[in-house]
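**Q** My structure is below; once you've seen it, I'll send some questions.
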Amino acid sequence: MENFKTDLDADGILLCTFDVPGKTMNTFTKSALADVEAIANRAKSEADIKGVVITSGKTNGFCAGADLEELFGGGWEADASLQGEDLLKATFDAAFEMNRVYRLLETCGKPVAVAINGLALGGGLELSLACHYRVLSNGPKVQVGLPEIKIGLFPGGGGSQRLPRLIGAQAALMAMSEGKSFKPAEALGAGVVDEVVDNDKVVEAAKTWIKTKGDPVQRWDKKDYKIPGGGPYHPAGAQVFIMGNALLRKQSYGNYPAVVNLMHSVYEGLQLPFDTAIKVETRYFAKTLMTPQAKAMLRTFFFSMQAIAKGSGRPSGVPKAEFTQVAVLGAGMMGAGIAYVQALAGIKTILIDRDQESADKGRKHCEDLLMKQVSRGKMTKEKMAETLDLIVATPDYDQIKGSELVIEAVFENTELKEKVTKDAEARLYSGDKADSAIFGSNTSTIPITILSTASQKPENFIGIHFFSPVDKMMLVEIILGKETSDETLAKAIDYVLKIRKTPIAVNDSRGFYTSRCFATFVAEGMALWADGYAPAIIDNVGRMTGMPRGPLEMNDDVALDLMVKVQAEMAKSQGDAYVPLAGEKEVADMVAKGRYGRKNGKGFYDYPAEKGASKTLWSGLSDYFTPTVTEAEPSDVAEIKTRLLYRQAVEAARCFEEGVITDPREADVGSILAWGFAPWSGGVISLIDSIGVAAFVAELDRLTQAYGARFEPPKLLRDMAAKGETFYGRFGKDAKAGKAA
Ligand code: NAI
């Protein structure tokens, strides 16, 4: 066998150690499945074998799931001759393999126990569920779970059948529909595993079970088996499906076929004998796989994220940069957050502010965040002290000397930023790392090319745009100025990867990529308001599109006064060409009345001071625009959804035309991580590709006629429509962010 080592002991227990050669973590490939089949056959046919124990030879875990690269990279899908039913059949056959093999193991006639020595996810946990007894190792990093839903799929290796039969439909549906993992104590409490022991005892405990109890029949294959909590025909069990259906619908608005198909699979499967149930599961799994949502989510959340994490946007030929000391200017909300993530990554951080007190305040913020980790049991006190020690709070610019990078996060003011750049660079470029050091600005709006004019070395000057709150937001938008060199871009990407965030590279433009596209969502919400849609309808339908919140509530979250300021800046820079947004004047009036948004409890909504109380729409809104649509017909819902999503998508297409962003993978990942663009779509560019560029353009033409030039398709889109191109086709798999024109 290629992936398992076997050892038959004196008690007749066959120990099978999963250890994929050349990999640090086990994943399920076709060859590993063939090995499991061989194990099942051997156990069945050899009388000497009394039982089987499966474990892993990797120190960092048991198995991370199916090898998606092998499963989906080509295979039956690449065969263009397969269409319709034939394609569905081929997909079914390929997808059923895991179920077929796991079932063979489960019914081999010998007791099979699994010694899970670490992380077991997806197909790794599904293999464990097909074993008759599960021992899990105890440890802070150990987790087991079925996270498939997060990439647009659901557990298709028997998980949607075995988990509910093991722990009940309600608990299983909750875990699978959220992709939630269990820590050892939770897994034991819920009944996902039978025993939790120290890591060095897992095999021994599994063998003991075989020797003492070793039952080769799975509980759902026994005559007297009853589904915990009741099946679909049981009064209590039926409640789970009635309530669960409504709940899942409320959470997902029907945007995720995987969630609906998971529900079907569990509901129908639980009413059937096991061998038929796994066929039903695979049928729904194959159906899910073929949806554009699953394809797009798989690409963005798995393949593109992985490529970016490996530095896909990084110019080649530049040696990897090391970061041992980085200075942060400004210990405010952003600066302190940046200091925290740097220290977590082991980087010595010089946190600078105007005076000691302000710098200390920033460091205190880091301490509070670390304390939270400790109180949640995620970090030891020693580790906290070690991490905090890496942060030096000071007003002394001289301490910058010897840093590899300075990140500037002072107030959003061009003159101030230019002054601190000069002050900091005088030290940065005179220290011992002067030759290789770079300078990054965390500005959210000022063009990098303008800020770089204050720099001694504009080729070493770059935008490193974090999102708030820095400790939670995974994306960092890297912005190239006109003079920024490839070497500086490579170093900035190395830095972002080092602090375990996801970098996307974009060229200089007002609002860069993320803020520019996000702003259109909020602006379209205001346009809908001005068009007479009731605000409640706008925000409800906004959420139905899959966005995390409606546009008006988002506007409140960001702050209305900030929006007014940004528009005023834009008006100043565009002069006569400036076209005010619909509702802009009205929002300015709200700000003049002291309605700043969520931050002061008054915006489109009133936010009650009591904790837990819900916000309510401000009654004064109808003084500005009297709602004419107060009950939404299905056609209204469809039109609002189209306006909100297409407005963002056309802006992203313009960013491609202008070269602001050049890699569709980064555009998609960025749209979801930065502004929560409807994840079911796989991202803003995948949305256009799945609609089809020609159909998208036709709809944009209609919207332009109805609502104005903001929907006008750019030339790039017309060109792509004429040639039948997609973004992923035209802009290639290995597209790289180029330099500003
Ligand atoms: P903040 O007001 O919380 O912090 C700014 C800090 O800079 C203050 O602590 C201030 O004392 C300090 N400072 C002022 N002059 C200084 C000097 N000469 N030397 C050292 N420190 C000095 O502002 P915030 O929100 O942290 O923003 C900082 C930058 O990050 C701005 O450019 C902003 O546009 C950008 N940004 C903000 C985001 C947000 O959500 N707040 C998101 C992304 C970027």
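The values are calculated or read from the model by the stated rules, or taken from the named source; none is laboratory data. All of these numbers come straight from a predicted model, not from anything done at the bench. Please note: Cβ atoms are built from the backbone with ideal geometry, for glycine as well, and neighbour counts cover all protein chains shown. Note: areas computed on protein heavy atoms with side chains; ligands, DNA, RNA excluded. Shrake-Rupley method; radii C 1.70, N 1.55, O 1.52, S 1.80 Å.
**Q** Positive end of the charge dipole of the stretch 4-290 (Lys, Arg +1 and Asp, Glu -1 on Cβ, about the Cα centre): tell me which of Phe62, Ala277, Pro232 has its Cα farthest that way.
**A** Going by the Cα projections, it comes out as Pro232.
**Q** Please label the shape of the stretch 1-106 as rounded, prolate or oblate, based on the square roots a ≥ b ≥ c of the eigenvalues of the alpha-carbon gyration tensor (a/c under 1.5 means rounded; beyond that, a/b larger than b/c means prolate, else oblate).
**A** Since a/c reaches 1.5 but b/c is at least a/b, the shape of the stretch 1-106 is classed as oblate.
**Q** Quick check: the angle from helix 486-498's long axis to the longest principal axis of the chain, C-alpha only, nearest 10 degrees?
**A** Long axis of 486-498 versus the principal axis of the chain: about 50 degrees.
**Q** Could you tell me the ratio Rg/Rh of the stretch 4-290? Both radii from Cα atoms, Rh via Kirkwood.
**A** Rounded to two decimals, Rg over Rh is 0.96.
**Q** Pairs Lys207/Lys287; Lys361/Lys381; Lys348/Lys422; Lys310/Lys565; Lys381/Lys422; Lys599/Lys641: which are spaced more than 30 Å apart, C-alpha to C-alpha?
**A** Result: Lys207/Lys287; Lys310/Lys565; Lys381/Lys422 exceed 30 Å.
**Q** Something else: Tell me, what is the percent relative contact order of the chain, built from C-alpha pairs under 8 Å that lie six or more residues apart?
**A** About 9 percent, as a whole number.
**Q** Would you mind computing Rg(Cα) / (2.2 N^0.38 Å) for the chain, counting N as its residues?
**A** 1.04
**Q** Note down the magnitude of the dipole of the stretch 325-507 about its Cα centre, charges +1 on Lys and Arg C-beta and -1 on Asp and Glu C-beta and zero elsewhere, to the nearest 20 debye.
**A** 660
**Q** So what J values fall out for the stretch 427-444 if you push phi through Karplus, 6.51 cos²θ - 1.76 cosθ + 1.60 with θ = phi - 60°, rounded to Hz, Gly and Pro as x?
**A** Using θ = phi - 60°, the values come out as 8, 4, 8, 10, x, 6, 9, 3, 5, 10, 5, 9, 10, x, 10, 9, 4, 9 Hz.
**Q** Still on this structure, I have one more. Using the 2.2 N^0.38 Å rule of thumb for compact globular proteins, work out how the stretch 236-281 stacks up: its C-alpha Rg over that value, please.
**A** 1.21
**Q** Given a 1.4 Å probe and every protein chain left where it sits, what share in percent of the accessible area of the stretch 108-161 is carbon and sulfur?
**A** Its accessible area is 59 percent carbon and sulfur atoms.
**Q** Assigning unit charges at the beta carbon (Lys, Arg +1; Asp, Glu -1) and nothing else, what dipole magnitude in debye, to the nearest 20, does the chain show about its Cα centre?
**A** Dipole size: approximately 1140 debye.
**Q** State the percentage of accessible surface on the stretch 181-323 attributable to carbon and sulfur atoms; use a 1.4 Å probe and exclude ligands, DNA and RNA.
**A** Solvent-exposed carbon and sulfur of the stretch 181-323 make up 58 percent of the total.
**Q** Give me the accessible area of Glu386, 1.4 Å probe, in Å² rounded to the nearest 10.
**A** For Glu386, the solvent-accessible surface is approximately 110 Å².
**Q** For the stretch 325-507, just list the percent of Cα-Cα distances falling in each 5 Å bin from zero outward, please.
**A** For the stretch 325-507, the binned pair fractions read 1, 9, 18, 23, 22, 15, 7, 3, 1, 0 percent.
**Q** Please list His465, His234 from largest to smallest accessible area, probe radius 1.4 Å, with all protein chains kept in place.
**A** These residues rank, largest area first, as His234, His465.
**Q** Helix-only estimate, please: 222 nm mean residue ellipticity of the chain, summing -39500 (n - 2.57) across DSSP H runs of length 4 or more and dividing by its residues, to the nearest 500.
**A** After summing the helix terms and dividing by the residues of the chain, the value is -14500 deg cm²/dmol.
**Q** Okay, moving on. Could you state the accessible area per residue of the chain in Å², with a 1.4 Å probe and every protein chain left in place?
**A** For the chain, the per-residue accessible area is 42 Å².
**Q** Given N residues in the stretch 432-573, what is Rg(Cα) / (2.2 N^0.38 Å)?
**A** 1.24
**Q** With a cap of 15 neighbouring Cβ atoms within 10 Å, and only residues DSSP puts in a loop, list the chymotrypsin sites (Phe, Trp or Tyr not before Pro) found in the stretch 187-249.
**A** Those satisfying the criteria are Tyr225, Tyr233.
**Q** Starting from the Cα gyration tensor of the stretch 188-271, take the square roots of the eigenvalues, sort them a ≥ b ≥ c, and report rounded, prolate or oblate (rounded when a/c is under 1.5, otherwise prolate if a/b is larger than b/c, else oblate).
**A** prolate
**Q** Which far-off residues, 5 or more places away or on another chain, put their amide H under 5 Å from the one on Ala393, with H placed in the peptide plane?
**A** Leu351
**Q** Tell me, what are the semi-axes, in whole angstrom and largest first, of the equivalent ellipsoid of the stretch 169-219 as set by the roots of 5 times the Cα gyration tensor eigenvalues?
**A** 25, 15, 7
**Q** List the extent of the Cα atoms of the stretch 468-545 along each of their three principal axes, largest first, rounded to whole Å.
**A** Taking max minus min along each principal axis of the Cα atoms, the stretch 468-545 gives 52, 28, 17 Å.
**Q** Here is a further query. Work out how far the C-alpha atoms of the stretch 115-165 reach from end to end along every principal axis, then list the three figures in whole Å, largest first.
**A** Principal-axis extents of the stretch 115-165 (Cα, largest first): 29, 24, 14 Å.
**Q** In addition: Residue-wise, which Karplus ³J(HN,Hα) couplings in Hz belong to the stretch 547-558, taking 6.51 cos²θ - 1.76 cosθ + 1.60, θ = phi - 60°, and x for glycine or proline?
**A** Each residue of the stretch 547-558 in turn: 6, x, 9, x, x, 6, 5, 4, 4, 4, 5, 6 Hz.
**Q** Right, here's the next one. What part of the accessible area of the stretch 325-507, given as a whole %, is carbon or sulfur when the probe is 1.4 angstrom?
**A** In the stretch 325-507, the share of accessible area belonging to carbon and sulfur is 50 percent.
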